[in-house]
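Data block below; observations after.
Each reported figure results from applying straightforward, stated rules to the coordinates on display, with no laboratory input. The structure presented is a predicted model; accordingly, all values stated were derived computationally and were not measured. Cβ sites come from the backbone with ideal geometry, for glycine too, and all protein chains shown count toward neighbours.
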Ligand code: NDP
């Protein structure tokens, strides 16, 4: 049986890569190739940019209400195809189908719905200057936007960029990660069904260093939105900087969970387990460093480890699976290398650290790794400072508020943090002192699409979400009109 071949999407049509070359697309739960993805190059990027430029002329002039209507239709179509998309995301990425059904796909629909309605309410500023002039700000779409997205939450993060950009009247050339191209491909079919005009969204599949960098470097792509690793973000900034492109970078994290002795321990354990291991720890917002105040440290560790060993690792297509496969063989090797490093750095592996036993026959060639808990590491060792992006968490005791703030801030990253305490004053104090873009107090991953989202330090620059995204994807122009006497 021949395997399906995905296609690029340019000018509203599915098209072969110009080179006619394809890459293997592997199902991480089996290790088997199950489809092929275009191995696009700069010629495909060029074709997509030309389609996007052409579409921009009309789309940027399309009334807001009409753009909103089309995006709402697209959101409805995602909902209507929830099962199909969730299954595809599960096979492409290795995540439990239940997670794709409850998080990734509903959130993709929510992204389109949110920005479809946000544009209807978005307003710009005006200022009267001493009765002499009236200044008002036009917020105009910026043109062709380039978007590069990662593999961990494929459709969720793809739509998080595409939705605000096209809602504002821009057109888009996007490259999903070649490890997880399927749901972006399926979304293109839904765009056609929703009546999105040809060329408003264009998708170029392929490798970052080839297809991705061609989009980044294209002179007519003046706006870039990137989500991915810090090293790639630095490379994109290096190319885009001298060309004066507008760039938003959402990069890696090494997020701390701070658990004070006065916290509701049951809740803190339950949610820390979720923040450590959801999506096999492959979410930029996962809390991979847990700091626990000394009086409750032993209790926390023993109960946390007991719960981690009970997580059901297995076939992602099984409804009861809580931990699926990691995205690729090389990623499993990376995660394993950090567990080996932890041993060298003096860490004690309390559970996990290996490929799980007892996987179903179908999954024997897949890329699985047990939920892993490590203690007794120095706070400033590499395992505690570098992003692992897998099901590996370290737990460290602390003595007081000042010390744990220093621990938490002691990495080059600054994406998010979670604070667990019943002391309201402390919650506010600590939240203010943490060098991150988002602090959750007594919760984790409670998302409101209106709030600014992004990181500080090596976790990126710029903010996405809500009005920040609408501002990012529009160019302000001030018009000053003299008020006649
Ligand atoms: P990468 O940085 O490896 O890749 C991200 C995307 O960039 C992929 O599509 C990749 O293509 C592409 N790419 C790679 N090199 C280039 C280049 N030179 N020019 C243009 N594009 C390029 O990240 P991962 O896919 O491994 O994703 C995991 C990372 O993403 C983690 O560090 C994680 O923390 C971060 N992330 C951050 C989030 C945030 O909001 N801050 C959210 C989610 C993830 P290819 O696949 O071919 O390499």
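Quick notes on this one:
- Alpha carbon convex hull of the range 95-183, volume per residue in cubic angstrom: 106 Å³
- Working from Cα pairs under 8 Å separated by at least six residues, relative contact order for the range 416-460 is 42 percent.
- Take the convex hull of the alpha carbons in the range 153-269; its mean projected area over all directions comes to 10.3 nm².
- Cα centroid of the range 421-443 to Cα centroid of the range 204-251, whole Å: 33 Å
- Alpha-carbon centroids, the range 263-282 and the range 445-482: separation in whole Å: 29 Å
- Rh by Kirkwood over Cα pairs, then Stokes-Einstein D for the range 338-485 at 1.306 mPa s and 10 °C, µm²/s: 84 µm²/s
- Whole-angstrom Cα spans of the range 52-106 along principal axes, big to small: 42, 22, 14
- Global form of the chain, assessed from the alpha-carbon gyration tensor, a/c cut-off 1.5: oblate
- Tilt relative to the chain, helix 182-194 - C-alpha long axis, 0 to 90 degrees, to 10: 30 degrees
- Here is the size of the range 21-131 from its Cα atoms: Rg then Dmax, 19.9, 71 Å.
- Burial ordering of 343, 73, 254, fewest other beta-carbon atoms within 10 Å first: 343, 73, 254
- Per-q log10 I(q)/I(0), the range 295-417, q = 0.09, 0.21, 0.22 Å⁻¹ (Debye; single scatterer per alpha-carbon; no solvent): -0.28, -1.27, -1.34
- Sorted by Cβ density within 10 Å, fewest first, the residues 322, 306: 306, 322
- Rounded Å value of the spacing that divides the Cα centres of the range 81-144 and the range 26-65: 18 Å
- Value at 222 nm in deg cm²/dmol, rounded to 500, when DSSP H runs of n ≥ 4 in the chain each add -39,500 (n - 2.57): -12000 deg cm²/dmol
- Ordering 145, 381, 284 from the fewest to the most neighbouring beta carbons within 10 Å gives 381, 284, 145.
- Considered as an equivalent ellipsoid built on the Cα gyration tensor, the range 89-144 has semi-axes of 44, 12, 8 Å, the largest given first.
- Mean Cα-pair separation over length for the chain, i.e. relative contact order, pairs under 8 Å, 6 or more apart, %: 19 percent
- Debye log10 I(q)/I(0) at q = 0.13, 0.20, 0.30 Å⁻¹ for the range 218-272, Cα point scatterers: -0.51, -0.71, -1.15
- Each Cα pair under 8 Å and six or more residues apart adds its sequence gap; the mean of these over the residue count of the range 250-306 is a relative contact order of 47 percent.
- Tail weight of P(r) past 15 Å, computed on alpha-carbon pairs of the range 348-387, percent: 54 percent
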